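Laboratory data are not the source of any read-out in this text; all were calculated from the coordinates shown. Computed from a predicted structure; not experimentally measured. Glycine also receives a Cβ, built like all others from the backbone with ideal geometry; neighbour counts cover every protein chain displayed.
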Amino acid sequence: MAKAESVNIDQYLQGLKFPVQREELVNHARKQGADEQTCRQLNQLPNLHYRTINEVNRDWQQSWDDNKASRN
């Protein structure tokens, strides 16, 4: 299931020009129709200078796994 979440985040980041900061990820995803939960999750990513979508997916996956573990 977590892998599917990574695929979902990609759809909201299509067309985004890298490198970007976290705030730009959130703003772009919001403009692409991401719901508030997705935007909050993006906003919880480390405030880094992301050079590629792969770096975003890495941190998104880690954030997703961390949130899942904290609920168990």
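Side notes on the structure shown:
- Both radii come from the Cα set of segment 2-65: Rg as radius of gyration, Rh as Kirkwood radius; their ratio Rg/Rh reads 0.90.
- Förster radius 25 Å - calculated FRET efficiency between Arg58 and Gln14 (Cβ-Cβ, nearest 0.05): 0.90
- When each of the peptides 28-39, 50-61 is scored by how many other beta carbons lie within 10 Å of its residues on average, the order from highest to lowest is 50-61, 28-39.
- As a rough footprinting exposure proxy, the listed residues Leu13, Leu48 were ranked by other beta carbons within 10 Å of their own, and the order from fewest upward is Leu48, Leu13.
- Charge dipole (debye, nearest 20) of segment 2-65; +1 at Cβ of Lys and Arg, -1 at Cβ of Asp and Glu: 160
- Electrostatic bookkeeping for Arg51 treats Lys and Arg as +1 and Asp and Glu as -1; over the other residues with beta carbon under 15 Å from its beta carbon, the sum is 0.
- Along segment 38-51 the Karplus relation, 6.51 cos²θ - 1.76 cosθ + 1.60 evaluated at θ = phi - 60°, assigns HN-Hα couplings of 5, 5, 4, 4, 4, 5, 8, 5, x, 7, 10, 9, 7, 8 Hz to successive residues, with x for each Gly and Pro.
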